[in-house]
1. Students often get this wrong, so try it: which of [x] 14.2; [y] 17.4; [z] 20.3 is Kirkwood radius over Cα pairs in Å as calculated from the structure shown?
2. So with the 1.4 Å probe, I'd like the accessible area per residue for the chain, rounded to whole Å².
3. Return the FRET efficiency for the residue pair residue 59, residue 6: r is the Cβ-Cβ distance, R0 is 22 Å, and the value is rounded to the nearest 0.05.
4. Suppose we flag trypsin sites (Lys or Arg not before Pro) only when DSSP calls them loop and at most 13 other Cβ atoms lie within 10 Å. Which is the longest uninterrupted stretch of the chain?
5. Count charges around residue 35 for me, please; just the other residues with Cβ under 13 Å from its Cβ, Lys/Arg as +1, Asp/Glu as -1.
6. If 97, 23 are ordered by their accessible area, calculated over protein heavy atoms with a 1.4 Å probe, which sequence runs from highest to lowest?
7. Please list, in order along segment 32-48, the HN-Hα scalar couplings obtained from phi with the Karplus expression 6.51 cos²θ - 1.76 cosθ + 1.60 (θ = phi - 60°), rounded to whole Hz, x for Gly and Pro.
8. Suppose only helical runs count, i.e. DSSP H with n ≥ 4. What mean residue ellipticity at 222 nm does that imply for the chain under -39500 (n - 2.57) per run, divided by all residues and rounded to the nearest 500 deg cm²/dmol?
Amino acid sequence: MLLQLQNTGEVRPEFPGVEADFEDLGWDRAKFDLGAAFSELRDGTGAEAGLIASLEYSADLFDRCTAQWLLECLVRLLGTVAADPAARIAELPLLSEADRLALAGWNDTE
């Protein structure tokens, strides 16, 4: 899995006498099996205003629902760490309460 943080801001290409802009190339292949990219958001004054996440995944390995669920687990983990940087790693939640209950049901061996 690739995890990326883009925190340098957008740089616009500038060439004397040339007008240039970014173009979406519309790639239909993922560079990595699974990748999450986070970019900093800024408000009108340039102050930090949060993060935005994007997800790229190989459709040969993951369906959309599974890839999105994995990103939600990562966001939950990062949110917990941001709220309590002193939290013990073993106590950090990856699963939601609904996921934990479903897992308990699947593992019920009675």
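The values are calculated or read from the model by the stated rules, or taken from the named source; none is laboratory data. Computed from a predicted model, the values in this text were never measured in an experiment. Note: ideal-geometry Cβ built from the backbone for every residue, glycine included; neighbour counts use all protein chains shown. Just the protein is used for accessible areas: all its heavy atoms, side chains included, with ligands, DNA and RNA removed. Shrake-Rupley method; radii C 1.70, N 1.55, O 1.52, S 1.80 Å.
1. Label of the calculated value: [y].
2. 84
3. 0.40
4. My reading of the result: 32-87 is the longest stretch.
5. Around residue 35, the charge tally is 0.
6. Sorted by accessible area, descending: 23, 97.
7. 10, 4, 8, x, 10, 10, 10, 10, 6, 9, 10, 8, x, 8, x, 6, 4
8. Rounded to the nearest 500, the figure is -9000 deg cm²/dmol.
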